[in-house]
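Comments concern the structure below.
The values are calculated or read from the model by the stated rules, or taken from the named source; none is laboratory data. A quick note: this is a predicted structure, and the numbers were derived from the prediction, not measured. So basically every Cβ, Gly included, is an ideal-geometry build from the backbone, and we count neighbours across all protein chains shown.
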Amino acid sequence: MASSSGQDAGLRHLALMGIPVWARRRPTAGRGTALPPGEEGPDRAAAPVPAATAAVPAAHRDGGVATLGWEALAERVAVCTACELHRTRTQTVFGTGDRDADWMFVGEAPGADEDRQGEPFVGRAGQLLTAMIEALGLRREQVYIGNTLKCRPPRNRDPLPEEVVRCRPFLERQIALVQPRVIVALGRIAAHNLLGVETPLARLRGRVHRLAAGTPVIVTYHPAFLLRSPREKRRAWEDLCLARRVARGEPT
C-alpha cells in the first residue's frame, strides 16, 4: 500500500499538470468524431512519413551537420535555406535547455510565439509543458527541448515531408550531442517523424520505442492537444511516468 506521503506527492504532481484529482476517466472520441486541423488526438489519421529517398542538401550529409559541435550547429540552423520555410520565418528556433540532459522533449514545429521569440514551447502549450516537467520533479532548464522543424510552417500547418527530411539532420545531431537517457515525443507528428512510422498515436503510447542508435523514445500527447482535451492529461501523466522509469533504468 502506498504511504500517505507518497499519495500526497502524487496528488501534487497531478495538480501541477492541472489534472483534477476527482476526475473520472471517460471514453475518448471515436473515429467518427470531427477533429480540428492539427489535432493530436489518439484516433487522428496518420500523416505521411517523409520519403527516405527525398533529397537532402549536400551540406547536411557527410562532413556537414553530422560533425558539427553545438555552436557551429546553431550557426548553421540560423542561416539555413534548405527548404522554403526560410522565406516566411521571423527567425529559426534552435532548441533550449541543458545540453547534457537526461531528458529530451521533441515537438513538431515552432508556432507564432516561438517564431517571434526564437525559443520552443513559449506559449500556453509551453506553460503546460513546463508544468509537466515540474510534475516529474525537474526544472525546465534541466531538460533539452527541441522540434523536428526549426522554422514555423505558415499558418501552423503540418510540416511537409520534404521539410522534415531536410531539417532532420539538425535534430539528429542535437540528439547525438545531448545523448539523452530518454526522448519524449510530443504528439503524432513528432512521433511519426522520429520513429519513421505511420502508426496512430494511441497505439504508440504506453510502449518503449528505440531510435536506430538505441535511444529510447516515449510517445505522448502534444501539450496543445491537452489544452483542448484536458481529460487526456491523466494518460499523458502515465506516459511521463513510463519515461521516468526508463530514465532511471527501472523495469518497464
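Here are some notes:
- Number of positions in segment 81-100 that are part of a loop (DSSP other than H, G, I, E, B) and either closer than 20 Å to G123 by Cβ or in contact with a Pro (Cβ under 6 Å, 6 or more places away or on another chain) (or both): 9
- Segment 214-249, residues that are in a loop (DSSP other than H, G, I, E, B) and out of contact with any helix residue (DSSP H, G or I) (no Cβ under 8 Å at 6 or more places or on another chain): G214, S229, G249
- Hits in segment 168-183 - residues which are surrounded by fewer than 18 Cβ atoms within 10 Å (Cβ to Cβ), assigned to a helix (DSSP H, G or I) and not charged (D, E, K, R): A176, L177
- Members of segment 197-248 found to be within 25 Å of E114 (Cα to Cα) and among the small types (G, A, S), listed by number: A224, S229, A236
- Residues being in a helix (DSSP H, G or I) and either of a type in the set (G, A, S) or crowded, with 20+ Cβ neighbours inside 10 Å (or both) - total across segment 146-167: 5
- If the condition is being free of Cβ contacts under 8 Å to residues at least 40 places away in the same chain and part of a loop (DSSP other than H, G, I, E, B), then segment 101-135 contributes G118, E119, P120, V122, G123.
- Looking only at residues in segment 55-72 that are in a helix (DSSP H, G or I) and closer than 12 Å to C167 by Cα, the one that is modelled with the lowest pLDDT is A59.
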